[in-house]
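K.L.:
Just passing along the structure, written as structure tokens.
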Amino acid sequence: MPEVLKAPLVVEFPFTRSLGPVQSAFLTGLRERVVLGVRTGDGRVLVPPVEYDPVTAEEIGDLVHVGLTGTVTTWAWNHEPRRGQPLDTPFAWVLVQLDGADTALLHALDAPGPDAVHTGMRVRVRWAGERTGAITDIACFEPYDGEASTVTVHAGEFEDPVTGIVAAARLDYTYSPGRAQTAYIDALSGRRTVGERCPSCRKVYVPPRGACPTCGVATSEQVEVGPRGTVTTFCIVNIKAKNLDIEVPYVYAHIALDGAGLALHGRIGGIPYDEVRMGLRVEPVWTEGARYPDHYRPTGEPDADYDTYRELL
Amino acid sequence: MTSAPRDREIAVVAFAQTDHRRTSEELSEVEMLMPVLHEVLDSTGLKTADIDFTCSGSSDYLAGRAFSFTLALDGVGAWPPISESHVEMDGAWALYEAWTKILTGDADTALVYAYGKSSPGSVRDVLTRQLDPYYVAPLWPDSVALAALQAQALIDAGDTDEPALAAVASRNRAAASTNPHAQLRGPVPQGDHLLQPLRTGDCPPIGDGAAAVILAAGDRARDLCARPAWIRGIDHRIEAHGLGVRDLTDSPSTRLAAERAGAFERPVDTAELHAPFSSQEVVLRKALRLGEDVDVNPSGGALAANPIMAAGLIRIGEAAARIHRGRSDRALAHATSGPCLQQNLVAVLEGEPR
Ligand SMILES: [Zn+2]
């Protein structure tokens with residue numbers, strides 16, 4: 001068995017999220033160096049604030065201005081910061097109950113070492129130099145032994161409130177397609193197409209995924225199929241895809257390679273788009289250095305009889 | 001369609017799992033899953049076509065691919081068309097869905113499976129994406145960091161200390177020495193702090209694995225299994241999502257789920273707890289009022305093997321298998337999901353008197 005293929009895979013999304021009135025006030029407040037909480041029906045102050053009482057599910061919205069100083073309620077020393085975390089030097093994760101709040105906010109505490117951190121210690125907000133209306137506007141907390149800051153009522157009204165955030169998310173993977181697809185891709189590098197036959201229903205799957213989805217059993221017997229095949233169905237694409245260097249209209253088709261038990265997808269070239277038809281016999285066209293056929297073109301053979309591919313539609 | 005009696009008896013009649021390993025990169029998800037599906041079907045003599053309902057648990061974020069669960073369905077054999085569902089959650093919640101499906105009378109048998117491959121990515125980073133996207137996820141606090149905050153809260157409250165946590169870890173892995181599927185077995189060094197106060201020994205191994213169970217109702221269960229593990233009750237509850245709103249030293253959601261599942265009506269002899277971190281076992285034992293006479297995690301628990309999305313289903317499967325073998329008469333199984341035991345499911349399983 002050849003070594004299983006691996007490749008880096010990055011999944012990255014800039015999630016755009018809108019804010020409700022309470023979250024908008026809180027994040028806009030951070031931009032303006034103010035921390036707001038919300039008061040629940042029974043008088044507790046939640047920081048960070050939410051729009052519904054976590055106990056009663058009642059809608060809440062009375063904003064309260066809480067202090068920029070607070071008390072650590074629990075902590076954990078992080079000696080190896082990871083990508084995206086608030087500080088790139090060792091720090092403590094902390095839950096901080098700000099003065100005037102009844103709940104705690106998760107953030108980072110900049111401290112010289114674990115011996116300098118304890119539950120109950122006093123801390124204060126360190127603001128980020130550039131603030132946009134995000135939780136990261138608090139750069140971190142820092143140890144503080146001065147006076148508690150004052151707490152007042154706040155209307156929660158700001159000019160130019162933040163109404164949404166863009167939450168960037170990036171995850172890095174090493175993708176491996178597994179045994180069956182590795183064999184398929186390896187064969188393609190020699191310009192051969194290899195499927196796998198189901199031991200139960202005898203159907204040949206291309207590309208193979210290691211299992212027959214009909215019978216639910218493992219497939220392992222390799223079968224070379226093609227290179228020629230038959231167009232079983234097709235569509236005409238009239239809209240040019242971004243970054244795709246193909247003139248429209250073009251034809252995208254299901255192609256049943258000879259010997260395959262189901263059709264795969266491919267573009268049809270070498271023939272005017274309006275002359276492509278079901279039953280057209282085609283063969284792959286490879287370009288230099290490509291890992292898979294660029295497109296399929298007519299072979300010039302007579303069209304296949306409908307009965308030879310009707311099961312593969 | 002709910003013609004079924006309200007107290008329909010439903011049992012776990014079969015359980016299978018992979019050997020859990022640090023990496024299974026040579027296998028696709030369906031290749032990893034298929035032997036488990038075949039094993040659980042073979043042990044009952046059922047074919048795919050005999051299964052009335054199929055439900056799975058997994059997460060696209062582990063593999064980094066959208067709709068990855070649809071590819072895994074290839075291992076089930078979905079022809080003729082099957083009745084199927086999926087939860088983006090641990091398979092224990094898929095089992096809950098299957099249980100309700102059988103309870104309504106829409107199905108007599110169900111196949112539940114779950115799988116997770118943590119090896120393609122960094123599971124600590126991946127799990128940050130399930131956190132509050134406004135206030136928490138932008139800070140990228142990883143699963144170990146959040147568990148460590150909970151552990152420190154327990155230490156401050158006097159509920160545990162580092163030597164007691166080490167004892168929890170070592171007891172679980174000693175129990176796992178008789179579990180051929182476990183990833184970490186026997187003595188494992190407690191190691192350095194991974195994120196103080198948690199040491200590497202307090203944290204679960206990162207690995208790939210899959211599990212499957214079959215549920216059946218009434219006499220069907222008796223036909224399929226010599227000693228079915230009857231689900232006497234099952235319930236799941238969730239905490240407020242804000243970590244700073246919660247008392248991290250307690251798990252009221254676990255306690256309530258256990259109460260609703262009938263766990264406190266009579267003592268259990270076995271408890272399979274889904275506690276990926278040693279400190280979480282301390283919280284769960286307290287919430288579930290488990291005494292020293294209860295055999296906790298005879299399988300080794302999640303500290304011995306923690307395939308994400310399958311580890312909770314495995315707790316139910318291990319508890320059921322112990323009843324099948326006659327080693328337990330009344331067992332509690334617990335599954336969790338989310339940071340610091342955010343969501344909790346409790347099932348109570350019983351074997352018929354011998
Ligand atoms: Zn087949």
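K.L.:
Could you list, ordered by first residue, the pairs with Cβ atoms under 7 Å in which the first is in segment A:60-75 and within 13 Å of another protein chain (Cβ to nearest Cβ) and open to solvent by 30 Å² or more (accessible area, probe 1.4 Å) and the second is part of a loop (DSSP other than H, G, I, E, B) and at pLDDT 95 or above, at least 6 apart or interchain?
P.N.:
Partner pairs satisfying both residue conditions: A:71/A:120; A:73/A:104; A:73/A:119.
K.L.:
Going by the structure shown, is residue B:158 farther than 30 Å from residue A:26 by Cα and open to solvent by 40 Å² or more (accessible area, probe 1.4 Å)?
P.N.:
Considered against the rule, which asks whether it is farther than 30 Å from residue A:26 by Cα and open to solvent by 40 Å² or more (accessible area, probe 1.4 Å), residue B:158 comes out as yes.
K.L.:
I want to confirm something. Restricting to segment A:76-114 and keeping residues that are facing chain B (nearest Cβ under 7 Å) and polar (S, T, N, Q), which single residue is surrounded by the most Cβ atoms within 10 Å (Cβ to Cβ)?
P.N.:
Only one residue fits best here, namely A:78.
K.L.:
How many residues are open to solvent by less than 40 Å² (accessible area, probe 1.4 Å) and part of a loop (DSSP other than H, G, I, E, B) when one looks only at segment A:290-313?
P.N.:
Summing the residues that are open to solvent by less than 40 Å² (accessible area, probe 1.4 Å) and part of a loop (DSSP other than H, G, I, E, B) in segment A:290-313 gives 4.
K.L.:
Still on this structure, I have one more. Is it fair to say residue A:209 is within 14 Å of chain B (Cβ to nearest Cβ), basic (Lys, Arg) and within 16 Å of the ligand (Cβ to nearest atom)?
P.N.:
Yes, satisfied.
K.L.:
When residues of segment A:149-180 are filtered for being away from every other protein chain (no Cβ under 14 Å) and either in contact with a Cys (Cβ under 8 Å, 6 or more places away or on another chain) or open to solvent by 60 Å² or more (accessible area, probe 1.4 Å) (or both), how many remain? First the steps, then the outcome.
P.N.:
Residues of segment A:149-180 that are away from every other protein chain (no Cβ under 14 Å), as a first pass: A:149-161.
Now restrict to residues that are either in contact with a Cys (Cβ under 8 Å, 6 or more places away or on another chain) or open to solvent by 60 Å² or more (accessible area, probe 1.4 Å) (or both): A:150-153, A:155, A:157, A:159-161.
Count: 9.
K.L.:
Let me ask something else. Regarding residue A:144, is this residue open to solvent by 30 Å² or more (accessible area, probe 1.4 Å), aromatic (Phe, Trp, Tyr) and at the interface with chain B (Cβ under 10 Å from one of its Cβ atoms)?
P.N.:
Judged against the criteria, residue A:144 is not a match.
K.L.:
Scan segment B:12-29 and tell me whether some residue there is part of a helix (DSSP H, G or I) and either open to solvent by 20 Å² or more (accessible area, probe 1.4 Å) or among the charged types (D, E, K, R) (or both).
P.N.:
Within segment B:12-29, one or more residues are part of a helix (DSSP H, G or I) and either open to solvent by 20 Å² or more (accessible area, probe 1.4 Å) or among the charged types (D, E, K, R) (or both).
K.L.:
Count, please, the residues in segment A:215-238 that happen to be closer than 19 Å to residue A:309 by Cα and either within 14 Å of the ligand (Cβ to nearest atom) or outside any loop (DSSP other than H, G, I, E, B) (or both).
P.N.:
10
K.L.:
So residue A:258 fits all but one of (1) within 18 Å of residue A:309 (Cα to Cα); (2) within 12 Å of the ligand (Cβ to nearest atom); (3) charged (D, E, K, R); what number is the exception?
P.N.:
Result: residue A:258 passes all but (2).
K.L.:
If we keep just the residues of segment B:104-135 that are over 25 Å from residue B:307 (Cβ atoms) and touching a strand residue (DSSP E or B) at 6+ places or on another chain (Cβ under 6 Å), which is surrounded by the fewest Cβ atoms within 10 Å (Cβ to Cβ)?
P.N.:
If we take residues in segment B:104-135 being over 25 Å from residue B:307 (Cβ atoms) and touching a strand residue (DSSP E or B) at 6+ places or on another chain (Cβ under 6 Å), then B:133 is surrounded by the fewest Cβ atoms within 10 Å (Cβ to Cβ).
K.L.:
Are any of the residues in segment A:255-263 part of a loop (DSSP other than H, G, I, E, B) and within 14 Å of chain B (Cβ to nearest Cβ)?
P.N.:
Within segment A:255-263, one or more residues are part of a loop (DSSP other than H, G, I, E, B) and within 14 Å of chain B (Cβ to nearest Cβ).
K.L.:
Has segment A:3-21 got any residue that is among the small types (Gly, Ala, Ser), more than 8 Å from every other protein chain (Cβ to nearest Cβ) and open to solvent by less than 10 Å² (accessible area, probe 1.4 Å)?
P.N.:
Within segment A:3-21, none of the residues are among the small types (Gly, Ala, Ser), more than 8 Å from every other protein chain (Cβ to nearest Cβ) and open to solvent by less than 10 Å² (accessible area, probe 1.4 Å).
K.L.:
Inside segment B:225-246, can you point out the residues that are surrounded by fewer than 20 Cβ atoms within 10 Å (Cβ to Cβ) and either in a helix (DSSP H, G or I) or free of Cβ contacts under 8 Å to residues at least 40 places away in the same chain (or both)?
P.N.:
Residues satisfying the conditions are B:240, B:245.
K.L.:
Within segment A:182-204, how many residues turn out to be within 12 Å of the ligand (Cβ to nearest atom), away from every other protein chain (no Cβ under 11 Å) and hydrophobic (A, V, I, L, M, F, W, C)?
P.N.:
1
K.L.:
Quick one: would you say residue A:54 is open to solvent by less than 70 Å² (accessible area, probe 1.4 Å), within 8 Å of chain B (Cβ to nearest Cβ) and outside any strand (DSSP E or B)?
P.N.:
Yes: the conditions hold for residue A:54.
K.L.:
When segment B:286-317 is examined, which residues are found to be open to solvent by 20 Å² or more (accessible area, probe 1.4 Å) and in contact with a strand residue (DSSP E or B) (Cβ under 7 Å, 6 or more places away or on another chain)?
P.N.:
B:290, B:295, B:298, B:308, B:309
The values are calculated or read from the model by the stated rules, or taken from the named source; none is laboratory data. Only a predicted model underlies this, so the values are computations on that prediction, with no experimental measurement involved. Counting neighbours? That spans all protein chains shown, and the Cβs are built from the backbone with ideal geometry, glycine included. Please note that ligands, DNA and RNA were not included when accessible areas were found on the heavy atoms of the full protein model with its side chains. Shrake-Rupley method; radii C 1.70, N 1.55, O 1.52, S 1.80 Å.
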